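Everything below concerns the one structure shown next.
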Amino acid sequence: MDARSLAAQSIAVALALSAQSACAGALLDFDRTFNDSREPARSHYVATYRLADGEHRVEVWRDRNLRLKRHTDEAIETYVDRPLGKTEWSMVVLDLKRRIRTDIDRTNLYRIGHFIDWFSLSHSLSRPTGPYELAILPQNAQPPVAPIGACRWYLLTQGSRTNKICWSAAQGAAFVITDGNDAVRWMLSAIDSHALPAATFAIDDRDFVRNNANEDIEAD
């Protein structure tokens, strides 16, 4: 497999691992309920989540709506940079095992069918892609789990899929997400809003093969 194919795999893995959670109208609006209006300027959190292939761990650093870093399973590192006041952003994906760096922009991700936005990347909560219903979850229906802090429970239904989400508006984060049977799919284990070290967003790609996916996509 050539470097371009491996790079494409790295992008797909990074996006798949970053788009965890539920999706969510009848009673409440997703964007009005889950938003970043009250979140701190900077955030750092650690979470575990479960997919069909088992449990994964992700650590995320966010500097306002300008810079983002995600470290997943000691395997994939993703950096996102967005100029002030712009909707366009650029992404660098490091495949730490294959030692491949891939650069790609938001527009080109859309061109190849990966419709992911800043909110999903930074908050690990994906917007619904079709009809949904979102409502406040009554106390007697809340899962028997202990979030790391105060949060409000919501019930999100899309087709046959149901998720229960405990959302902290103060932190702009989902502390817990379960499925309809109360099995935990996402759990925050730590979160803080301290100043981030200067080296947080420095990319260490020494000895990595470099692939500019923008050039590949635009040339097709």
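Checking every one of the trypsin sites (Lys or Arg not before Pro) in region 96-192 against DSSP loop status and a limit of 13 other Cβ atoms within 10 Å picks out 97, 99. In the full protein context, region 74-220 carries 52 Å² of accessible surface per residue, based on a 1.4 Å probe and ignoring ligands, DNA and RNA. Rounded, prolate or oblate: which fits region 48-94 when a ≥ b ≥ c are the square roots of the eigenvalues of the alpha-carbon gyration tensor, with rounded for a/c under 1.5 and prolate only if a/b beats b/c? Here region 48-94 falls in the prolate category. Starting from the amide H of residue 162, placed 1.01 Å from N in the peptide plane, find each other amide H under 5 Å away whose residue is 5 or more places distant or on another chain. Distant-sequence amide H within range of residue 162: 180.
Over the chain, dividing the summed -39,500 (n - 2.57) contributions of all DSSP H runs of at least 4 residues by the number of residues returns a 222 nm mean residue ellipticity of -4500 deg cm²/dmol.
Take the Cα pairs of the chain, get the Kirkwood Rh, then feed it into Stokes-Einstein at 37 °C and 0.692 mPa s and tell me D in µm²/s. After rounding, the answer is 181 µm²/s.
Surface composition of the chain: carbon plus sulfur atoms contribute 49% of the solvent-accessible area (1.4 Å probe, protein chains only, all chains present).
The values are calculated or read from the model by the stated rules, or taken from the named source; none is laboratory data. Note that this is a predicted model, so its numbers are computed, not measured. A quick note on method: Cβ atoms are made from the backbone with ideal geometry, for glycine too, and the neighbour counts reach across all protein chains shown. Note: areas computed on protein heavy atoms with side chains; ligands, DNA, RNA excluded. Shrake-Rupley method; radii C 1.70, N 1.55, O 1.52, S 1.80 Å.
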